[in-house]
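Notes follow the structure.
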Amino acid sequence: MIKITENKIVGLDQCVCPEFNDPSCGAIVTFEGRVRNHNDEKKVLKLFYDCYKPMAQKVLEEIREEAFNKYNVKEISVVHRVGEIPIGEIAVWIGVSSAHREEAFEAAKYMIDELKQRVPIWKQETYTDGNKVWVESCCHALRSN
Amino acid sequence: MNVRVLLFAGLRDLFKQGELNLSLPEGSTIKELKEELFLRFEKGSEKLKTTQFAVNQTYADLKTKLRDGDEVAFLPMVSGG
């Protein structure tokens, strides 16, 4: 969709995180990770997320601090939903605000990339044939310390 | 000494519980705790190979020495997001 309008544009960040309203920030980058209806060839019915909550909170705060140190951004917010999530709904929401766009894009990418590698959250896919599988990412190294 | 063991995702299903308390000799490491779990449940060896560990909510390796009252989590490869 492409639209050119004279009406006010309301950003979706306003629904999740109204504190992004900061007149010194010219850029807000948001990322929504949504539940997809397929993985490779398999048709996915729904997802279930398990989470080690106190550690997930702690690791997310560490990653957020790292991003603040690496990039000149004003605010970083992360919301991760756990439990059962239907197709099409949001599993993870990330928002980053900054004075200029480059830093916000980079910090948002850093947040989701590190989240996927380090935060103790696990997804189980239920397929339309009734089978369930815990997804294990294969694209990252084992971590110790 | 006693430690609290937490299991998540596929490991929780495999062991049919998410939490258990184990008594170990003083100074035991995560490696020794893992071996104790193998002995006790006689399963999970394949699954536990690619597992990561955390002690009191911080990533730790097999050589980490445990203390009485520690919370030790066995974490399958993560897949959040």
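The values are calculated or read from the model by the stated rules, or taken from the named source; none is laboratory data. Keep in mind that what you see is a predicted model, and the values were worked out from it rather than measured. To get the accessible areas, we keep the full protein, side chains included, count just its heavy atoms, and leave off ligands, DNA and RNA. Shrake-Rupley method; radii C 1.70, N 1.55, O 1.52, S 1.80 Å.
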Worksheet entry | Karplus-derived 3J(HN,Hα), 6.51/-1.76/1.60, for each residue of the range B:75-81, Hz, glycine and proline x | 10, x, 4, 6, 8, x, x
Worksheet item: In terms of Cα to Cα distance under 17 Å, which lysines are near enough to residue B:63, apart from those fewer than 8 places away along the same chain?
Response: B:31, B:34, B:49
Worksheet item: Going down the table (A:116/B:65; A:70/A:116; A:46/A:109; A:42/A:123; A:58/A:116; A:58/A:132), which pairs top 23 Å between alpha carbons?
Response: A:116/B:65; A:46/A:109; A:58/A:132
Worksheet item: What is the set of long-range amide H partners of residue A:45 at a cut-off below 5 Å, with H atoms built 1.01 Å from backbone N?
Response: A:126, A:127, A:128
Discussion item. Over the range A:2-136, what is the relative contact order in percent, taking alpha-carbon pairs closer than 8 angstrom and at least six residues apart?
Written reply: 34 percent
Worksheet item: Between rounded, prolate and oblate, where does chain A land on the alpha carbon gyration tensor, with a ≥ b ≥ c its root eigenvalues, rounded for a/c under 1.5, else prolate if a/b exceeds b/c?
Response: oblate
Response to the item:
The set of residues whose placed amide H lies less than 5 Å from the amide H of residue B:53, leaving out same-chain residues fewer than 5 positions away, is B:60, B:75
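Kirkwood Rh over alpha-carbon pairs of chain B, then Stokes-Einstein at 37 °C and 0.692 mPa s: what D in µm² s⁻¹, rounded to an integer?
260 µm²/s
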Worksheet entry | With DNA, RNA and ligands ignored, accessible area of residue A:110 (1.4 Å probe; Å², nearest 10) | 40 Å²
